[in-house]
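This report concerns only the one structure given below.
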Amino acid sequence: MDINTYMLTLGKQARAASRQLAAASTEAKNTALLAMASEIRKRAASLLEANARDLNAAREAGLDAAMIDRLTLTAKGVEAIATGLEQVAALPDPVGEITDVKRRPSGIQVGKMRVPLGVIGIIYEARPNVTADAAALCLKSGNAAILRGGKEALHCNQAIADCVRAGLKAAGLPERAVQVVDTTDRAAVGALITMPEFVDVIVPRGGKGLIERISREARVPVIKHLDGNCHVYVDDEADPAKIVPIVENAKTQRYGTCNTTESLLVSRTVADLCLPAIGQMLASKGVEMRGCAESLALLRDAGIDNDKLVAATEQDWSEEYLAPIIAIRIVDGLDEAIEHINTYSSGHTEAIITENYTSAMRFLREVDSASVMINASTRFADGFEYGLGAEIGISTDKIHARGPVGLEGLTSQKWIVFGNGEIRR
Ligand SMILES: NC(=O)C1=CN([C@@H]2O[C@H](COP(=O)(O)OP(=O)(O)OC[C@H]3O[C@@H](n4cnc5c(N)ncnc54)[C@H](OP(=O)(O)O)[C@@H]3O)[C@@H](O)[C@H]2O)C=CC1
Ligand SMILES: N[C@@H](CCC(=O)OP(=O)(O)O)C(=O)O
């Protein structure tokens, strides 16, 4: 079967399954999720074996550390997938929720009902847990899913898909409610994003190459989950005790994730007090610092090894390194920090370190990103950490859903009207 015909077949099957899922009971959906969790645990050894095959191929292909980190599944990771499925089962079912019912002067009552989006196509990086998380969230929100994971994770994704199908079957739900694309040919992505008759929304999780293709070709509505050029800004009134721990966590806890901080902005009035300690911490962890001239001079004076210091170029302010590299700029206070972030950020997540209420509130209001934080690490931008149970990803779009997307982001609301024979006059 050629790729277009294959993808059309998946699309038709998904559309049919989506109608059944939209009407599925909460009990059936939860039974499926719990059965999936049990299959994942039962088949842990074969999931790890499939992941080992993917990892061997990735190492042979010379993939970088961030990619290997994403791709790696450990026994703990398998257990986390199973627990994640159980957590989604425990979440309240959003489908069918009726809100905002108000009686109108005409006598009718007008309200809203939460409903699934239909068929969701998700294109994502080579991170196996996303296959299970996306399947679970789509199922619980009553949507059918077509999942196209990164090519490096193909074997592991197929193994997880087997568990998902087994769970759906155990609950008497259509097995085609979740379909994992079984080819790495990117023509499948091209087909997925151009069949609006079968796919209601596309969620692309990825970097710049993916953005370009989706922007050029998609004929289906898109909720972009794109790159994270996240910032930490150290304000004039930052609590010294909070600075190094937040910068350390935001930059070094995991280098490869989209919520990792890539740029550090420091207010000039506190730069000589805090940059030496930040520089020492970053140097001790092997992080390269790409600084403006002023920050480099301070870091050199503090005795930071020259090998770790590089002059930043204009390009560095827009860069998502996904690596032990950080851009550093000294700014003239809050106004310049906000201006810098709104110019260069990818609109994902930004944090301010300050004890000044007015500065904190201005930062919250004026920084135009999906998550804006006060005195916390950007690494917190995550569906689980925000209490959503899990996440489809972090939307960098402004409409429909912004930031970590969970069950509610995968639904919309339709208007409902209760009448008793009223007619319009
Ligand atoms: N906001 C968020 O929620 C998330 C953002 N990201 C971002 O993703 C990036 C890291 O992941 P990475 O794997 O490098 O991202 P990529 O964009 O390289 O790949 C992600 C997915 O997109 C596909 N893809 C990429 N380019 C094309 C194209 N031209 N045509 C068709 N398919 C394409 C890949 O397919 P293939 O396998 O064939 O390469 C893969 O399935 C970072 O920028 C990170 O911030 C990642 C996860 C979540
Ligand atoms: N939200 C998740 C990470 C999601 C994400 O960034 O994915 P990726 O860019 O593939 O590492 C977390 O905070 O661990």
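Quick look at the numbers
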quantity: Leading residue at positive end of dipole, the stretch 167-324 (Cβ point charges), from CYS258, TRP317, VAL287; calculated: CYS258
quantity: Relative packing of 391-400, 58-67, 363-372, which averages over residues the other C-beta atoms within 10 Å, highest first; calculated: 391-400, 363-372, 58-67
quantity: Those lysines that a straight Cα-Cα span of less than 16 Å connects to LYS29, excepting residues fewer than 8 apart in one chain; calculated: LYS140, LYS169
quantity: All lysines inside 25 Å of LYS208 as judged from Cα atoms, apart from same-chain residues fewer than 8 positions distant; calculated: LYS151, LYS224, LYS251, LYS398
quantity: q = 0.10 Å⁻¹, the stretch 240-381: log10 I(q)/I(0) [Debye, one scatterer per Cα]; calculated: -0.28
quantity: Lysines whose Cα lies under 21 Å from that of LYS76, excluding same-chain neighbours fewer than 8 positions away; calculated: LYS42
quantity: Over the stretch 238-290: Rg over Rh, Cα atoms, Kirkwood Rh; calculated: 0.94
quantity: Inter-label distance, nm, simple model (7 Å from Cα along the C-beta direction), GLU27/ARG268; calculated: 6.9 nm
quantity: Summed side-chain charge close to ASN356 - residues other than ASN356 whose Cβ falls under 10 Å, Lys, Arg +1, Asp, Glu -1; calculated: -3
quantity: Nearest-20 debye value, the chain charge dipole, Cβ charges on Lys, Arg, Asp, Glu; calculated: 2240 debye
quantity: Neighbour net charge for ILE123 - beta-carbon separation under 10 angstrom, K R +1, D E -1; calculated: +3
quantity: 12 Å beta-carbon shell around TRP317, net charge (K/R +1, D/E -1); calculated: -4
quantity: Solvent-accessible area per residue, Å², over the stretch 230-380 with all protein chains present [probe radius 1.4 Å]; calculated: 40 Å²
quantity: For the stretch 22-134, size of Cβ-based charge dipole, Lys and Arg +1, Asp and Glu -1, in debye; calculated: 500 debye
quantity: Listed residues ALA16, THR269, LEU192: farthest to the positive end of the dipole of the chain (Cβ charges); calculated: ALA16
quantity: Of ALA52, PRO105, SER412, farthest towards positive along the dipole that unit charges on Lys, Arg, Asp, Glu beta carbons give the chain; calculated: PRO105
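The values are calculated or read from the model by the stated rules, or taken from the named source; none is laboratory data. Remember, it's a predicted structure, so these values are computed and weren't measured experimentally. Glycine gets a Cβ as well: all are built from the backbone with ideal geometry, and neighbour counts include every protein chain shown. Areas reflect the complete protein model, heavy atoms only, side chains present, ligands, DNA and RNA absent. Shrake-Rupley method; radii C 1.70, N 1.55, O 1.52, S 1.80 Å.
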